[in-house]
Amino acid sequence: TDGSVLWANEISGAQSFAFSADGQTAAAGGWGKNAGLFKLADGAIATSVKMDAVIGGVALTPGNDLIVAVWGGTHPLFAVNQVTEKDKDGKDVSATKVVPFLISNFGFQNVIWSPKLGALVAAEQGGKLWLVGADGKAAGMLDEEAGTTTYRMLEQNGDVLVGRMNRVVQRLAVK
C-alpha cells in the first residue's frame, strides 16, 4: 500500500503480461527480446527464453503453457515448453524448448488467452485475427475489417478490444 517495490526480475523491457488462472504465476515479454514465466509471490523466474526480435505479446493457456508472439518477418507463434531430456550420462535433465505453435504467411504481433472463448486470439501482422485452440490448431478467423496490424489486445468477459496501428480501436464480442 506504500508503493514500494516488492521484487524485480530479469525480464527486460516487459510490455506484455499474462496471468495464470490460479493467480500464482505470470508471464512477461517485451523490448528486451526475452520472455518468461515467474512466480508472483517473489518474482522468481521459472522459465526464460531469448528470442531474435521484440516480444509483441505473451499468453498463458489453462495448462500454463507460455505462448509468445515475436514481431517482424514471418515468425510463427511460439510455445515455450519445459521438457525432460537425457544428458550424455543418461540422467534426466530439464530443458526449455521453443517450438513453432502456429505458422501463417506473416508473423504474429500479439496473442492473448480468452477464458470465455476457451482459445487464444492471435493477431497476425497486417490485420488478420486468428482464433487458436490450446493445441495450436486454428479454429477460425475473426473479423479483420478494422484494418492494420494489432498493437495491443485486451480481453474482458469474452469481449476483445483490439488497438490497431492505424489508430483504430475495435471491439469484438462473443455472441
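The values are calculated or read from the model by the stated rules, or taken from the named source; none is laboratory data. All of these numbers come straight from a predicted model, not from anything done at the bench. Positions of Cβ are generated from backbone atoms using ideal geometry, with glycine treated the same way; all protein chains shown enter the neighbour counts. With ligands, DNA and RNA removed, areas are computed over all heavy atoms of the protein, side chains included. Shrake-Rupley method; radii C 1.70, N 1.55, O 1.52, S 1.80 Å.
Structure notes:
- Of all residues in segment 132-150, one or more are closer than 21 Å to K33 by Cα and not hydrophobic (A, V, I, L, M, F, W, C).
- D65 surrounded by 15 or more Cβ atoms within 10 Å (Cβ to Cβ) and charged (D, E, K, R): yes
- The set of residues in segment 94-113 being under 21 Å from K50 (Cα atoms) and crowded, with 17+ Cβ neighbours inside 10 Å consists of F101, L102, G107, F108, Q109, N110, V111, I112.
- Selection status of A59, open to solvent by less than 20 Å² (accessible area, probe 1.4 Å) and either at pLDDT 95 or above or under 23 Å from K137 (Cα atoms) (or both): yes
- If only residues of segment 114-157 that are open to solvent by less than 60 Å² (accessible area, probe 1.4 Å) and of a type in the set (S, T, N, Q) are counted, the one that is farthest from V80 (Cα to Cα) is T148.
- Among (1) under 16 Å from the mean Cα position of the chain (by Cα); (2) in a strand (DSSP E or B); (3) of a type in the set (A, V, I, L, M, F, W, C), the one test that V93 misses: (1)
- Where strands (runs of 3 or more DSSP E) sit wholly within segment 1-44, those with at least 1 residues that are modelled with pLDDT of 90 or more and surrounded by fewer than 17 Cβ atoms within 10 Å (Cβ to Cβ) occupy 14-19, 34-39.
- For segment 98-126, the tally of residues that are touching a residue at least 24 places away in the same chain (Cβ under 8 Å) and outside any strand (DSSP E or B) stands at 9.
- Considering each residue of segment 75-85 in turn, none proves to be open to solvent by 20 Å² or more (accessible area, probe 1.4 Å), aromatic (F, W, Y) and in a loop (DSSP other than H, G, I, E, B).
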